[in-house]
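S.K.: Would you mind keeping the following structure in view while I ask a few things?
None of the figures in this text is laboratory data; all of them are computed from the coordinates on show. Keep in mind it's a predicted model, so treat the numbers as computed, not measured.
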Amino acid sequence: LLKTQGKYYMVDNGIRNIMSNNQNYDSGNSLENIVYIELLRRGFEVYVGKYKEIEVDFVATKPNETIYYQVKKTMLDERVEECEKKSLLSINDNYPKIILTMDKVKNKTIDGIKVINIIDFLLEE
């Protein structure tokens, strides 16, 4: 069973950064925020999911459609890749699973999981 987690996202990343009162810019959180807003724009209901002890950044749903997303600044470290794969592969269903990253990737698939550059994702219709 996939449970939802309580996280909050802002509609404006600039306001988010000011309100966080954090002097250290966290690009990972900003990327998640951008993806969250984009999924809403595309008409999805968006949840943060947790399966056992593993978190899934986003579960995006529409009637008859579910997509799981992990958002990671980079996948160049093998340990990071394994961790992100593990999160998605632990969900035992046939819905699409996607990792969004800032890495320059084209049509990459790892164990059935699509890896897409975040900019390419944002430019999709």
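S.K.: Which entries of Lys72/Lys97; Lys50/Lys106; Lys86/Lys106; Lys50/Lys97; Lys62/Lys106 show an alpha-carbon separation above 18 angstrom in the structure shown?
M.R.: Lys50/Lys106; Lys86/Lys106; Lys62/Lys106
S.K.: I've got another one for you. Check which residues have an amide H placed less than 5 Å from Met75's amide H, if you skip close sequence neighbours.
M.R.: Asp103
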